[in-house]
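Step one of this worksheet: look at the structure below.
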Amino acid sequence: MLKFFGLLFLVGVAFAIGYQAGREGPDVLLKHAKDLSTEVMTRTAALERTTSVRTGLLNAKEHLVQAKSDILDKNYGKAVSGLQDSVKALTQAKASAQDDIKPRLDALTKRVSDLASEAQALKPGMMTKLNEAVREVDALLNR
């Protein structure tokens, strides 16, 4: 039964395309198909770019939260490597980001990079700066 409905659907689509081509001409039909193809490719590229940025931000947040946990556990070496991984994830996110987000990502990348150097130097007050960086990532994710 399902095969019958599938065949009936294909015959209906073929009839509709043939009818439209007969009414308007094959050139108009090809132009519509090319326009539709271009629109689908544009939307797909935009979706891919957005997904790439979001994935980079999620990876950065994961590394920041893990670095926060490592600082609380006094594993400063792991915290520094986590912060450096977060900088890499933010850089990858910035590569595919739109122009309106890039300045915020630049500032956040610089802030996290500074946090990595502060963690390496064991400076006090890192937790508040780390919490601010996590909030900034959350704000970019909720945008």
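The values are calculated or read from the model by the stated rules, or taken from the named source; none is laboratory data. None of the values given here were measured: they were computed from a predicted structure. Cβ atoms come from the backbone with ideal geometry, glycine included; neighbour counts cover every protein chain shown.
Observations on the model:
- Identity of the residue in region 115-143, under 18 Å from the mean Cα position of the chain (by Cα) and not in a helix (DSSP H, G or I), that ends up modelled with the highest pLDDT: Asn142
- Of everything listed in (1) surrounded by fewer than 16 Cβ atoms within 10 Å (Cβ to Cβ); (2) modelled with pLDDT of 90 or more; (3) of a type outside the set (Phe, Trp, Tyr), the single unmet condition for Asp100 is (2).
- Criterion applied to Val40, Val53 was being more than 17 Å from Arg135 (Cβ to Cβ), in contact (Cβ under 8 Å) with a residue 40 or more places away in the chain and not polar (S, T, N, Q), and the one residue passing it is Val53.
- Residue within region 26-34 that is of a type in the set (Asp, Glu) and in contact with a helix residue (DSSP H, G or I) (Cβ under 7 Å, 6 or more places away or on another chain) present: no
- Taken over region 63-84, the residue count meeting the criterion of being free of Cβ contacts under 8 Å to residues at least 24 places away in the same chain and under 18 Å from Leu108 (Cβ atoms) is 2.
- Residue that is nearest to the chain's Cα centre (by Cα), among those in region 75-94 that are within 27 Å of Ala46 (Cβ to Cβ) and among the hydrophobic types (A, V, I, L, M, F, W, C): Ala93
- One residue from Lys3, Lys34, Lys74, Lys78 being out of contact with any strand residue (DSSP E or B) (no Cβ under 9 Å at 6 or more places or on another chain) and on the phi > 0 side of the Ramachandran plot: Lys74
- Identity of the residue in region 115-131, of a type outside the set (A, V, I, L, M, F, W, C) and touching a residue at least 12 places away in the same chain (Cβ under 8 Å), that ends up surrounded by the fewest Cβ atoms within 10 Å (Cβ to Cβ): Asn131
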